[in-house]
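Written out below as structure tokens is the structure these notes cover.
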Amino acid sequence: VYLINIPSTSDPQAGRLAYFRALPALTQTLCRLRRWLQREPYDLVLDLHASFRSGLLGLTNPGGTRVGFADAKELNPLFQHRRIEVPDSVVHAVDKNMLFCNHLRCPPGKSDFQLYSSEQDRDRVAAFLQGHRLRDDDVLVYVNPAARWRTKFWGGGRWAELADRLIGEAGLRVVFAGSAQDRDYIAGVSERMSRTPIVAAGELSLTETVALLQRSAVYAGLDSGPMHMAAMAGVPVVALFGPTNPERVGPYGVEHRLVRNEGLVCLGCRKRHCGVPRCMEGIEVDQVYRAVLSLVDLRRSAAGGGKG
């Protein structure tokens with residue numbers, strides 16, 4: 001049993017799936033899992049999520065051994081039979097999770113992640129983009145300007161300026177994507193523009209979003225779930241960082257660009273509220289614009305001079 005995000009449920013290796021989004025659903029999920037696991041218990045539970053919630057999920061498995069991190073928060077270590085110590089040299093969350101392989105004495109292998117989309121997802125996205133007159137040879141930049149933390153926000157006017165320059169100066173196509181909750185914010189961004197972007201906020205399912213990412217040449221956005229989805233989908237990422245530390249939670253891989261307001265002692269403070277978020281306000285549009293173009297050029301070079 002794994003606690004995973006919905007995009008990973010399309011992985012062919014995923015077996016039983018249990019969804020929950022809120023506390024009542026969590027209670028129902030725990031009861032359902034308990035019934036399942038009483039019939040077919042697991043010998044081992046690996047708790048990578050390292051939260052109180054995932055600790056509770058582990059308790060639904062009768063018997064078996066529960067393994068987690070010694071430095072986990074929210075009382076999670078109290079749920080575990082074995083606790084893995086994390087060396088100071090391990091920084092990124094992915095590398096930290098790979099410590100489970102060492103604990104189980106199995107070689108970790110290459111950290112080669114994938115996200116899966118179905119043919120139906122890809123057809124749905126293709127039809128959506130064709131409705132916006134996207135040609136096969138158009139270079140598409142996926143932009144996600146929203147995040148859960150307000151301190152991660154960059155400002156709608158700057159996203160509008162960036163998208164206008166990508167369309168008008170660089171000749172690229174831009175799609176704004178996000179959840180249904182982001183729709184109003186993204187509409188406000190697009191209304192500030194002189195050019196016309198594609199707006200997909202709230203229009204696609206998560207697996208269709210994977211298909212949209214797979215069609216995109218570059219992702220530009222904040223530290224968020226879609227950023228990690230893009231990296232897992234093999235899309236080069238331009239990510240803006242302020243209150244969080246990219247060394248720990250940045251996009252995994254090498255073909256990415258991290259944009260920060262370097263020099264501030266408060267970078268990576270992890271604050272969700274800040275009176276003057278200089279870490280994000282100090283990032284210039286031109287920094288992000290040049291970072292996007294550098295990755296577009298890399299994709300074109302890799303494609304032998306084509307448009308990616």
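One line per residue, one yes/no per condition, for (1) of a type outside the set (A, V, I, L, M); (2) in contact (Cβ under 8 Å) with a residue 60 or more places away in the chain; (3) touching a Lys or Arg at 6+ places or on another chain (Cβ under 7 Å); (4) closer than 17 Å to residue 122 by Cα:
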{"residue": "181", "(1), (2), (3), (4)": "yes, no, no, no"}
{"residue": "184", "(1), (2), (3), (4)": "yes, no, no, no"}
{"residue": "189", "(1), (2), (3), (4)": "no, no, no, no"}
{"residue": "192", "(1), (2), (3), (4)": "yes, no, no, no"}
{"residue": "209", "(1), (2), (3), (4)": "yes, yes, no, yes"}
{"residue": "212", "(1), (2), (3), (4)": "no, yes, no, yes"}
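Please determine, by comparing only the residues of segment 269-302 that are outside any helix (DSSP H, G or I) and free of Cβ contacts under 8 Å to residues at least 12 places away in the same chain, which one is surrounded by the most Cβ atoms within 10 Å (Cβ to Cβ).
It comes out as 284.
With the condition kept exactly as written, say whether any residue in segment 51-65 is over 21 Å from residue 27 (Cα atoms) and surrounded by fewer than 20 Cβ atoms within 10 Å (Cβ to Cβ).
yes
Please state which one of 24, 62, 7 is over 28 Å from residue 233 (Cβ atoms) and at pLDDT below 70.
The unique qualifying residue is 24.
For residue 156, only one of the following conditions fails: (1) in contact with a Gly (Cβ under 9 Å, 6 or more places away or on another chain); (2) in contact (Cβ under 8 Å) with a residue 60 or more places away in the chain; (3) under 19 Å from residue 287 (Cα atoms). What is its number?
So residue 156 meets the others, but not (2).
Given the condition in contact with a strand residue (DSSP E or B) (Cβ under 9 Å, 6 or more places away or on another chain) and in a loop (DSSP other than H, G, I, E, B), answer yes or no: does some residue in segment 154-167 qualify?
yes
The values are calculated or read from the model by the stated rules, or taken from the named source; none is laboratory data. Remember, predicted model here, so these are calculated numbers, not experimental data. Every residue, glycine as well, gets a Cβ built from its backbone with ideal geometry; the counts of neighbours run over all protein chains shown.
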